Amino acid sequence: MTAPSPHQHRHLFGRGSWPEVSRIGDILRTETVGGALLLGAAVLALVWANSPWSAGYQDLIAVKVGPHALHLDLTLAQWAADGLLAIFFFVAGLELKREFVAGDLRDPRRAVLPVAAAVGGMAVPALIYVAVNAGMADGALRGWAVPTATDIAFALAVLAVISTHLPAALRTFLLTLAVVDDLLAILIIAVFYTSSLSLLPLAAALIPLGLFAFLVQRRVRSWWLLLPLAAATWTLVHASGVHATVAGVLLGFMVPVIRRIPGDGHGLAEHFEHRWRPVSAGFAVPVFAFFAAGVSVAGAGGLGETLRDPVTIGIVLGLVVGKCVGVLGSTWLVQRFTRATLGDGVSWWDVFGLALLAGIGFTVSLLIGELAFGVGSEKDGHARIGILAGSLISALLAMVVLRARNRHYRQLCAAEARDTDADGIPDVWDDDPIRR
């Protein structure tokens, strides 16, 4: 077995270990399909909401279902935001724990780059939004967190459209950045967008959550035991006033990552992730997008008024400029203070392209916009248009930058796929001390 080089971690955007690269490749393929469905759902909602039949769309999202006795007689739009996105955040919780417990990010030297990039990529957009809306006295500042999120599924759909094959180092960075971004987003939602808090149901939620943790720690996989406990946890967190998606992250954190008995096969967290990621990417997120993205331009006050609103301007600038400056600037600072060099085949042009891609803030941005301004309000409509416009501009700019490097990416991917000894592991990882 080859010992790791002492200089191995002085490179930013290193390839990572082969098991991690292989796993991330599988994840990104699922998310790319989900991204295509997400785009389709968003376009359908936009077209319907601005068509002569827009009243049908508004009637649909306002349909209420659920038991009134449990205060769960919610509209379909609320079920999508509170219920389906809990699945999304459950998968995010599994992925985050997996990365920091058994993935490459358990090494702090590897973790510092995506964590710093995620923090910078959330702080700068928030500051830009606050600067634009500082003089507003109509509650506009409540939307400071709207431009802070990155939508990995949307970003991957953009990459698929332009047929860009990012090399392993850039794929890993993009995914881990998005995972850390999701964690920070759920912390923001829990801390800053909890308007009222009921301690009794929140304390009661610890009971089913504890039972869920007890069972999964003993590697119980029986859905008929775990799903009722997960549903009870979600219901009580929802009743407490904390946004119900927080329950999804907490449940994900409870699932063990490491196998109790070493050997082949997946740990329980990876098993759940394989089961639930297709549900999240292929159903939960696209359905939420369908109910959240359908903003009527006329209903928002007209396009001219909307584009002049500081809320819209702050969100667009936050996503397009703030995300790029935050991610790129944080990466430069890490490189500057660690005196590391960029990995083989990676240039600052590539980092610039990924920083632009991080400005695609769709799913979680829409959720925060609803929480900040209230569903159906004029400000919420302006926020949605700002999110759509900012994400579209970021996507187009990223396409231009990354497409210019596509020939180089193809060469790197071809080198990374070469397996001359036919052992199932590409040659560039033959010296990897963690091969399987």
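Data overview
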{"quantity": "Dimensions (Å) - segment 306-364, Cα atoms, principal axes, largest first", "calculated": "44, 21, 20"}
{"quantity": "Gain in span if fully extended, Arg260 to Arg221, counting 0.36 nm per residue against the direct Cα distance", "calculated": "12.6 nm"}
{"quantity": "Convex hull of Cα atoms in segment 288-420, direction-averaged projection (nm²)", "calculated": "10.8"}
{"quantity": "Cα gyration tensor shape for segment 170-228, rounded if a/c is under 1.5, else prolate or oblate", "calculated": "oblate"}
{"quantity": "Heavy atoms of Cys413: accessible area, 1.4 Å probe, square angstrom to 10", "calculated": "30"}
{"quantity": "Percent accessible area from carbon and sulfur atoms, the chain, protein chains only, probe 1.4 Å", "calculated": "67"}
{"quantity": "Per-peptide average of other Cβ atoms within 10 Å, ordering 118-125, 328-335 highest first", "calculated": "118-125, 328-335"}
{"quantity": "Simple Cβ-charge dipole of the chain, Lys/Arg +1 and Asp/Glu -1, about Cα centre, in debye nearest 20", "calculated": "540"}
{"quantity": "Karplus-derived HN-Hα couplings along segment 406-421 (A = 6.51, B = -1.76, C = 1.60, θ = phi - 60°), whole Hz, x at Gly and Pro", "calculated": "5, 4, 5, 5, 4, 5, 5, 5, 5, 5, 6, 8, 5, 9, 5, 8"}
{"quantity": "Solvent-free Debye scattering, log10 I(q)/I(0), computed from the Cα coordinates of segment 35-167 at q = 0.16, 0.22 Å⁻¹", "calculated": "-1.27, -1.29"}
{"quantity": "Per residue accessible area in Å² of the chain, where ligands, DNA and RNA are left out and the probe is 1.4 Å", "calculated": "43"}
{"quantity": "The chain - Debye-derived log10 I(q)/I(0), Cα point model, q = 0.09 Å⁻¹", "calculated": "-0.57"}
{"quantity": "Kirkwood hydrodynamic radius over Cα pairs of segment 142-255, then Stokes diffusion coefficient at 10 °C and 1.306 mPa s, in µm²/s", "calculated": "98"}
{"quantity": "Computed label-point distance, nm, for sites Asp73 and Asp138 using a 7 Å Cα→Cβ extension", "calculated": "3.3"}
{"quantity": "Two-site label geometry, Arg336 and Leu127: point separation in nm, points 7 Å out along Cα→Cβ", "calculated": "1.2"}
{"quantity": "In order through segment 365-378: 3J(HN,Hα) via Karplus (6.51 cos²θ - 1.76 cosθ + 1.60), integer Hz, x for Gly, Pro", "calculated": "4, 4, 5, 5, x, 5, 5, 6, 10, x, 4, x, 6, 5"}
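The values are calculated or read from the model by the stated rules, or taken from the named source; none is laboratory data. All of these numbers come straight from a predicted model, not from anything done at the bench. In this analysis, Cβ positions are derived from the backbone assuming ideal geometry, glycine residues included, and neighbour counts consider all displayed protein chains. When the accessible area is computed, the model is the full protein with side chains, heavy atoms only, and any ligands, DNA or RNA have been set aside. Shrake-Rupley method; radii C 1.70, N 1.55, O 1.52, S 1.80 Å.
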